[in-house]
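Below is one structure, written out as structure tokens, with a few remarks after it.
The values are calculated or read from the model by the stated rules, or taken from the named source; none is laboratory data. Fair warning: this is a prediction, and the values are worked out from it, not measured in the lab. Don't worry about glycine lacking a Cβ; one is built from the backbone with ideal geometry, like all the others, and counts go over all protein chains shown.
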Amino acid sequence: MALFKRTKTKAIPNENIIVLEKVSKAYATGAPALTGVDLTIKRGEFVFIVGDSGSGKSTLIKLLLRELLPTDGDIYVNGQNLVTLKRRNVPKYRRNLGVVFQDFRLLKDRNVYENVAFAQRVVQIPTREIKKNVPSMLSVVGLAGKYKAKPRQLSGGEQQRVALARALINRPPILLCDEPTGNLDPKNSWEIMKLLDQINKKGTTVLVVTHNREIVNEMQKRVVTMKKGVIVSDEEKGGYIDED
Amino acid sequence: MRISTLFYTLKQGIINIFRNAWFSLASIATISACLLLFGIFYSVVINFQYMVKAAEQGVSVTVFFDEGLSEARIQEIGDLIGKRTEVARVEYVSAEEAWETFRQEYFGEEYADGWTENPLENSSNYEIYLSDVSLQQSLVTWLESVEGVRQVNRSELTASTLSGMNSLIAYVSVGIIGILLAVSIFLISNTVMIGIQVRKEEINIMKYIGATDFFVRSPFVIEGMIIGAIGACIPLGMIYAIYSSVVDYVIDRFPMLTTLLIFLSVEQIFKVLVPVSLALGIGIGFMGSFTTVRKHLHV
């Protein structure tokens, strides 16, 4: 049965950009990270995924990045089933995603311009276009004047803006953010969240994994709460549910 | 691949060498050390083989004929010998030439003039030089069976010694070159591994952004190949610089062996050593970076 399930294809409504159907993930050791998760995210939505450590948030991001495969269930992103996606097609798939991490993950030996341009090099954009696109994207994130700076010369907030510019430069339909404010002070955290909100308003679907209670409660977006690998709450304009 | 991507990849490969200067230097030093040992060993072995080959060419088998054998039959035997695969060349020595050589060698002009007849009248012979000294026995066996052949002289000791020495050199060469290559691949893979650990994060970032394996790997492979090429050029330069001095020193130090110590010129050695060293250096650099990066591509 499992074999047939792995190869199935299914028409997913175009408005549903991310669909998880009964997704489970168990690692070789320890308790299952996800158990029978069903989740649908519509095009253009802004969704917070919240939950304690070990709730399965990071596993969810890794599954969406196609870094991991689920033990059971199916994941559709942009109508593409990640379970049946061949390894050689993974790079092309990832170009539909912008990714922002807690630790920024910038290339430390390259300047701001090169870090952002790098994402365009990967998808083989001609150099003359890169020269136009990068300054324009740096203006969007407010770093036009710092294109020559190396990551170590920037504050945490600025580094996260560079990571955001890199994630967005190829205009992906989906932006995945894994604890994007985890290393930032409240002021910088808010600035990043405002940027994410602006980006979302221009049509990009934004998925933010976070622990930041204040931001989640203030922004009044859809909130999916996870606990021990299952979704315990999914609310439109929700808030951060306190763990007991 | 776009031209701009190709240039970008090449540029990144070159920049990487300077970006990780210590790692690059360590890799170049490792490859250089291995290829220097290889180059020295190759030069010694190839010269030794050359000397043995030269000595082999001096080994001959002499064939004497039955008394009163006709000139026509002697000619016929010469033709038969010339057709044998074991034979490199055949030289006919007439009885007069044999006597002339003998008297020059043993008596000198004045004393030899006392002879009116040729004492070596039945000593006309063929001097046969072998293409491969190890085939001497089969040739001698055949010669002894030829009608009209009275006696076959050969040097069994020289032939077997040279033949044995050749085999020994071949086995030792293969063994030592094998060990050197194994050691160099081990050292290179360790050095590359350290370098890759430093850049594991960079590879991860590339993969998350959607870079193909080829795009991620290319700058590393180009870097590895350039490091390999530099690592090959350094020992080649060193060998070129010291080879002639070492040869001159050996000849000066052992003057009594000048007839045996015949060395190849550095140009002759380099005809093989340059392409082989470059191929090994670039190949080791390519394989080292290709396989090590592969382990980190599954992100």
Qualifying residues in the stretch A:81-122 (those that are in contact with a Gly (Cβ under 9 Å, 6 or more places away or on another chain) and surrounded by fewer than 18 Cβ atoms within 10 Å (Cβ to Cβ)) - the one farthest from A:Arg43 (Cα to Cα):
A:Asp103
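Considering each of B:Arg294, B:Arg217, B:Arg253 in turn, give the residue that is touching a Leu at 6+ places or on another chain (Cβ under 8 Å) and among the charged types (D, E, K, R).
One residue alone meets the criteria, B:Arg217.
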Which pairs do you get when a residue that is in contact (Cβ under 8 Å) with a residue 60 or more places away in the chain, found in the stretch A:170-189, comes within reach of a residue that is in a strand (DSSP E or B) and among the small types (Gly, Ala, Ser), reach meaning Cβ atoms under 6 angstrom, with the pair 6+ apart or on two chains?
A:Pro172/A:Gly98; A:Leu175/A:Gly98
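Determine, yes or no, whether B:Trp99 is aromatic (Phe, Trp, Tyr) and assigned by TED's automatic domain parsing to the domain that holds B:Val146.
yes
Just checking, which of B:Met238, B:Met206, B:Met225 is touching a helix residue (DSSP H, G or I) at 6+ places or on another chain (Cβ under 7 Å), surrounded by 15 or more Cβ atoms within 10 Å (Cβ to Cβ), more than 30 Å from B:Arg294 (Cβ to Cβ) and not aromatic (Phe, Trp, Tyr)?
B:Met238
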Looking at A:Thr59, A:Thr71, which is the one that is more than 17 Å from A:Val208 (Cα to Cα), surrounded by 14 or more Cβ atoms within 10 Å (Cβ to Cβ) and in contact (Cβ under 8 Å) with a residue 12 or more places away in the chain?
A:Thr71
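Residue by residue, here is whether (1) modelled with pLDDT of 85 or more; (2) in a helix (DSSP H, G or I) holds:
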{"site": "B:Met51", "(1), (2)": "no, yes"}
{"site": "B:Thr62", "(1), (2)": "yes, no"}
{"site": "B:Glu110", "(1), (2)": "no, yes"}
{"site": "B:Tyr126", "(1), (2)": "yes, no"}
{"site": "B:Gln136", "(1), (2)": "no, yes"}
{"site": "B:Val140", "(1), (2)": "yes, yes"}
For the structure I just gave you, tell me whether B:Val221 is under 15 Å from B:Ile40 (Cβ atoms) and either within 19 Å of the chain's Cα centre (by Cα) or assigned by TED's automatic domain parsing to the domain that holds B:Ala29 (or both).
no
For the stretch B:12-58 the number of residues that are over 21 Å from the mean Cα position of the chain (by Cα) and either of a type in the set (Gly, Ala, Ser) or not assigned by TED's automatic domain parsing to the domain that holds B:Leu257 (or both) is 6
Is it true that A:Asp38 is part of a loop (DSSP other than H, G, I, E, B), under 26 Å from A:Val216 (Cα atoms), out of contact with any Pro (no Cβ under 9 Å at 6 or more places or on another chain) and charged (D, E, K, R)?
no
In the set A:Leu154, A:Leu176, which member is more than 19 Å from A:Phe48 (Cα to Cα), of a type in the set (A, V, I, L, M) and in contact with a helix residue (DSSP H, G or I) (Cβ under 8 Å, 6 or more places away or on another chain)?
A:Leu154
